[in-house]
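Below: the structure, in structure tokens.
The values are calculated or read from the model by the stated rules, or taken from the named source; none is laboratory data. Because the structure is predicted, anything quoted here is derived from the model rather than measured. Here the Cβ is made from the backbone with ideal geometry for all residues, glycine too, and neighbour counts use every protein chain on show.
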Amino acid sequence: MTAEETHATLKAPRFDQFQPESVRSPGLTKGFQEIPFLAQRLRKALDILRYKKGMPCLWLVFLGGTGTGKSTLFNALCGAPLSETGVERPKTTGPILYAPRGCGIERNFPLSGVELCNKIFETVGPRASSGSAGRLTILEHSRREFSHLALADTPDLDSIEMNNRQFAEDFYLLSDAVIFVTSQEKYADEVPRQFLLRILKDQKPYFLLFNKAEQNTTPGDFLSTLQQEAPSQAGDRLWLIPYAPANPLPFISQDPSFLGFKSFLEQELAEGNVEQLRARMNSIRKKEIEQTARRLLDLLQEEQREAEAWRAGLRERCDRMGQRFIKEQEQTFSQHSRDFIQREIRKLFSKYDVLAKPRRAIREILFIPLRFLGLLAEEDRREALLKVRQRIDLVPVQTAVASFNGMVLQDLSPKNHQAPLFESMRRPGVALTAQEVGALVLQEQERLEHWLENQFTVLSQGIPWTKKWGIYSTSILWGLLIIAFEIVVGGGFSILDAALDSAIAPFVTKGAVELFAYREIQKVARELAKRYQDGLLSVIKEQAKRYEACLDSLLTAKEVVEGLEKDKDDKNV
């Protein structure tokens, strides 16, 4: 199935549960700003289609720019001064609908936030109204000639008031046919011109009224502004309405050009044509829904692809910063530090007198007290670990996190500063503070200390209390583990084996038990180094997770995207 055939199977009904609020985008693509607009338009189009399916009459909507005389022509067509006219701008502040009684305008009305105000025309009388902001004034009538038509006067489509522009847009979407009004002063203005070109492109039934035309004005004056974009039959649907003096309603109502327009309209929108026109317009609306959904889906999928590339970039930078950090840590572990560690290990063995009684204690190793002959109390081990913890330098980790933040913000921020992700990445609470970095390091440290104590317990099981010499005593064992810990904390990951081997080897006999113990200590030391590195890197990874959470919070949920594209190949949809 081709892409075109796949898209052709998109049908409006499957979007019934679609909510625009569920659509989000981080702003990684050029078209991201179109996404919320499309989501709102899709929901509105669905609501309008459902509404129009239950609407028995056609909506004929007057549209035009400021001061073109829409309300005057609306009144002339209705045969009564329903919409207030005058020189004030804007004059029409809310839409006015002249509709047959019982048409059910308010039933499932699709424009949220619009108040509906019903009035019986025969009761109110022919008193002009300017409408009200945020309100649709419905004038119900019982006139036979308009029993199948709802005529709407709308605010200016080029109004400086955005609510007025929105009303013009919404009523265009509700319309089944459009009367587009321009004038001698406005016919070349760009905003109305673009709106008219849209009407022509959408293939809605339309009628063009050039109001306030001077005597020497010709249809070509107006059509020339459309250049090559006007259909050939546009001239047949254009009527020039001459400039009218004060109180123009009686004058226009009797004007031959206006009467010609009215007669043409009555024939084209005759009651017998209603069902055919309704079916045609609803078919057009379905196609528009499919096109909108297709465009929205394409943009969301493009955002998803860019999001995956963004994630890969984040992981790559996280790994790169981690490698750089570990390398810098090892570089700071100088030869002086290696020599110091080796001296301390030798002290541990050389200060141990194998003939001495248990009353003797091994002196401090790296300022960590150890006790002799397996009498190493738990509180002593914890004190040793605490002293190591107190010597941890947090500055390198904090510096690495700060460098990572700078790298991410520089390399992975969306180019458009208005993108949601650009702002989200810079929100308070995203970047780890120095205090948070310290807390995370200490948290990892506690996990490592717990693991180290467990390893000590495992290794020390079965050591005879009477064994007072060699590497295989609990005191010496704990001392070596702490020294290994010191090497790792100091950044000496890569020289750990060499440091232990060169320092301990001379004191290890060829006895199987001591060789086994030595190898076990080496294994623990290597695992210790790996775990400590992982703990440090986990801080950088935690920072990366925060950035990724920013992205995740701005992506449209998978089920929403799937809901837009499901049933593509289902012929029964």
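Which members of region 205-224 meet the condition of being buried (at least 18 other Cβ atoms within 10 Å of the Cβ) and either in contact with a helix residue (DSSP H, G or I) (Cβ under 8 Å, 6 or more places away or on another chain) or farther than 24 Å from A76 by Cβ (or both)?
P205, Y206, F207, L208, L209, F210, N211
Just one of the numbered conditions (1) closer than 20 Å to Y206 by Cβ; (2) modelled with pLDDT under 95; (3) touching a strand residue (DSSP E or B) at 6+ places or on another chain (Cβ under 8 Å) is not true of V61; which one?
If we test V61 against (1) closer than 20 Å to Y206 by Cβ; (2) modelled with pLDDT under 95; (3) touching a strand residue (DSSP E or B) at 6+ places or on another chain (Cβ under 8 Å), just (2) comes out false.
Is there any pair linking a residue in region 86-109 that is charged (D, E, K, R) to one that is modelled with pLDDT under 70, with Cβ under 8 Å and at least six apart or on different chains, and which?
Listed by first residue and then by second, the contacts come to K91/S130.
Assess whether L97 counts as being at pLDDT below 95, surrounded by 24 or more Cβ atoms within 10 Å (Cβ to Cβ) and not in a loop (DSSP other than H, G, I, E, B).
Taking the combined requirement at face value, the residue satisfies it.
Give R237, R198 a once-over and let me know the one that is under 26 Å from L174 (Cα atoms), free of Cβ contacts under 8 Å to residues at least 60 places away in the same chain, loosely packed, with under 14 Cβ neighbours inside 10 Å and under 50 Å from the mean Cα position of the chain (by Cα).
Going through R237, R198 in turn, just one is under 26 Å from L174 (Cα atoms), free of Cβ contacts under 8 Å to residues at least 60 places away in the same chain, loosely packed, with under 14 Cβ neighbours inside 10 Å and under 50 Å from the mean Cα position of the chain (by Cα): R198.
When you go through S263, S283 one by one, which is the residue that is assigned to a helix (DSSP H, G or I), modelled with pLDDT under 95 and exposed (fewer than 13 other Cβ atoms within 10 Å of the Cβ)?
S283
Conditions (1) at pLDDT 75 or above; (2) within 30 Å of A39 (Cα to Cα); (3) assigned to a helix (DSSP H, G or I), marked per residue:
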site: R278; (1), (2), (3): yes, yes, yes
site: E302; (1), (2), (3): yes, yes, yes
site: W310; (1), (2), (3): yes, yes, yes
site: M321; (1), (2), (3): yes, no, yes
site: D339; (1), (2), (3): no, no, yes
site: V354; (1), (2), (3): no, no, no
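For P245, work out the one condition from (1) exposed (fewer than 13 other Cβ atoms within 10 Å of the Cβ); (2) touching a Ser or Thr at 6+ places or on another chain (Cβ under 7 Å) it doesn't fulfil.
(2)
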